[in-house]
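> I'd like to ask some things about the structure below.
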Amino acid sequence: MTIIERTYMGVHCMGTTSLTRLIGHDPRIEMFKALRDSGHLPFFREMQSATAPTMSVEGRQMTMLGSNNYLGLSTHPAVVEGAARALREFGTATTGSRLMNGTIDLHLRIEAELAQWHGTEDAIVFTTGYQTNLGTIGALVPPGGPVVVDQYAHASIQDGCRLAGADLRRFRHNDMGSLRAALTELGSVVPVLVIIDGLYSMEGDFAPLTEVQELCDDFGAVLMVDEAHSVGLFGDRGTGVSEMAGLADRVPVRMGSLSKGLASTGGFVAGTRDLIDTIRGRARAFQFSTAGVPSTLGAALAAIQLARSDEGRALAAQSAENARFLRSELQARGVDVGSDPSVAGLSPSPIVPVYVGDDLRVIEAWRTLFDDGIYCNAAVHPAVPAGNALLRVCVMATHTAEQLEFAADAIAQSLDVTAAA
Ligand code: PMP
């Protein structure tokens, strides 16, 4: 029996105070506490330096392969300077919601830059991407209004639908028959909002955007695409998967995050003036939360400008090249990384899933890699379906080939996979 299994077996829930009765018994929390106490918890680890290909984690130099800093911009001098300048100019906080006193000129400059980049009339910036989905869905869907969502769409989309009191229907992941069935059942009397992720954050797979868009057209449904993991990376201009699919002008609600490739925090929607005014006027997550701090806005503006520049496009190409390289190095060592998205004519995904299956095996592999100086993410249930646990490995444009080869060796060894001859 492994340490993790022993820990799991030893889990008990004790205590009878009012608070413990209120909290109730939750095996997931007990497991979490037991793993934390035995040092095997793959979450909440302490990072001690800026996010870079090599960074300090809990006192050791490690290769970071778990960050969404896909373009490596969080340490780029222009982005750091953008944050520092905003901090000097505006101080530490905005101290109010966008609605009241929290809108500073950086918000307006970012919104103008995003609209120009996306080729839309307008754009709106929220404090986080999570709030962006919550606020936007609530602004567009009345209680009882129909929304059709991919079953693996991000938690903020699922939560946004629940909070809005929407009539939420889920279709099977990337399954067009299942989407068609949901739309057929709803009919076309009331406008339906269909929401998908452009790039799915756990397995790193793309949505079949052309097919989804065609179905939305057939049924008169409105399509919203979450480009949180794809903005800055895909398409000639770098706005994401919608653009890569040639559908930038046909997706009416384009949501993105400033927190991943764009190396800051925040979220946005780009679209028509009507859409953005509606969100501005209705979204409670926009109106009732303090605006992002100036330094994050300064960083975001600099990162967007960089992502649009030749340098940014070259970083996106390098990130794609690194993803292709890591994927093929892992495959050469017999590691299951699933089917290659670039086979379908798509750019490689920066998220390379290493399929393991069992939650405990993933946690063991994660811990072995941690000891070997590799930091990646353990994706276990409920982040992924039960029995489909994986190591989520992400590349940055700034990784070297040596780092990726070293990681491929370590990952293969951690899974005890024999190298292909
Ligand atoms: N959408 C997707 C697909 C995400 O993965 C995330 C973050 N994990 C979000 C939205 C929320 O964005 P943020 O982190 O900026 O709040």
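> Take residue 170 and tell me if it is at pLDDT 95 or above and closer than 25 Å to residue 379 by Cα. Before you say what the answer is, go through the steps one by one.
Working: at pLDDT 95 or above: yes; closer than 25 Å to residue 379 by Cα: yes.
Yes, satisfied.
> Related question: Quick check on this structure: which one of 287, 305, 318 is polar (S, T, N, Q) and out of contact with any Ser or Thr (no Cβ under 9 Å at 6 or more places or on another chain)?
Exactly one residue qualifies, and that residue is 305.
> To continue, here is another question. Looking at (1) within 16 Å of the ligand (Cβ to nearest atom); (2) in a helix (DSSP H, G or I); (3) within 22 Å of residue 78 (Cβ to Cβ), which is the one condition that is false for residue 279?
All conditions are met except number (3).
> Among the residues of region 118-168 satisfying the criterion of being part of a loop (DSSP other than H, G, I, E, B) and of a type in the set (Val, Ile, Thr), which is nearest to the ligand (Cβ to nearest atom)?
128
> Right, another one. Checking residue 55 against (1) part of a loop (DSSP other than H, G, I, E, B); (2) in the same structural domain as residue 402 (by TED's automatic domain parsing); (3) under 23 Å from the mean Cα position of the chain (by Cα), which single condition isn't satisfied?
In the conditions (1) part of a loop (DSSP other than H, G, I, E, B); (2) in the same structural domain as residue 402 (by TED's automatic domain parsing); (3) under 23 Å from the mean Cα position of the chain (by Cα), residue 55 misses (1) alone.
> Please enumerate the residues belonging to region 304-350 that are among the basic types (Lys, Arg) and under 27 Å from residue 412 (Cα atoms).
At the first step, the residues of region 304-350 found to be among the basic types (Lys, Arg) are 308, 313, 324, 327, 333.
Result: 324, 327, 333.
> Select from region 254-276 the residues that are among the aliphatic types (A, V, I, L, M) and either part of a loop (DSSP other than H, G, I, E, B) or within 16 Å of the ligand (Cβ to nearest atom) (or both) and list them in ascending order.
255, 258, 262, 263, 269, 270
> Any residue at all in region 174-188 that's more than 16 Å from the ligand (Cβ to nearest atom), more than 24 Å from residue 352 (Cβ to Cβ) and modelled with pLDDT under 95?
There is at least one residue in region 174-188 that is more than 16 Å from the ligand (Cβ to nearest atom), more than 24 Å from residue 352 (Cβ to Cβ) and modelled with pLDDT under 95.
> Shifting gears a bit: Within region 367-409, work out how many residues are surrounded by 21 or more Cβ atoms within 10 Å (Cβ to Cβ) and part of a helix (DSSP H, G or I).
Number of matching residues: 6.
> If we scan region 290-297, do we find a residue that is among the polar types (S, T, N, Q), over 21 Å from the mean Cα position of the chain (by Cα), within 16 Å of the ligand (Cβ to nearest atom) and in a loop (DSSP other than H, G, I, E, B)?
Scanning region 290-297, I find no residue that is among the polar types (S, T, N, Q), over 21 Å from the mean Cα position of the chain (by Cα), within 16 Å of the ligand (Cβ to nearest atom) and in a loop (DSSP other than H, G, I, E, B), so the answer is no.
Here is a yes/no grid of residues against (1) over 25 Å from residue 303 (Cα atoms); (2) of a type outside the set (D, E, K, R):
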position: 21; (1), (2): yes, no
position: 25; (1), (2): yes, yes
position: 34; (1), (2): yes, yes
position: 46; (1), (2): yes, no
position: 53; (1), (2): no, yes
position: 56; (1), (2): no, yes
position: 61; (1), (2): yes, yes
position: 70; (1), (2): no, yes
position: 82; (1), (2): no, yes
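> Given the conditions (1) buried (at least 23 other Cβ atoms within 10 Å of the Cβ); (2) more than 16 Å from the ligand (Cβ to nearest atom), report the number of the one that residue 199 does not fulfil.
(2) is the only condition that residue 199 fails.
> Still on this structure: With respect to residue 342, is the statement that it is within 26 Å of residue 209 (Cα to Cα) and either touching an Asp or Glu at 6+ places or on another chain (Cβ under 6 Å) or assigned to a helix (DSSP H, G or I) (or both) true?
Yes, satisfied.
> Name every residue in region 43-100 that is hydroxyl-bearing (Ser, Thr, Tyr) and either within 16 Å of the ligand (Cβ to nearest atom) or surrounded by fewer than 18 Cβ atoms within 10 Å (Cβ to Cβ) (or both), in order of residue number. Quick ask: steps written out before the conclusion?
The initial filter retains those residues of region 43-100 that are hydroxyl-bearing (Ser, Thr, Tyr), namely 49, 51, 54, 56, 63, 67, 70, 74-75, 92, 94-95, 97.
The answer is 49, 51, 54, 56, 67, 70, 74, 75, 92, 95, 97.
The values are calculated or read from the model by the stated rules, or taken from the named source; none is laboratory data. Everything numeric here is computed off the predicted structure, so don't read it as measured data. A quick note on method: Cβ atoms are made from the backbone with ideal geometry, for glycine too, and the neighbour counts reach across all protein chains shown.
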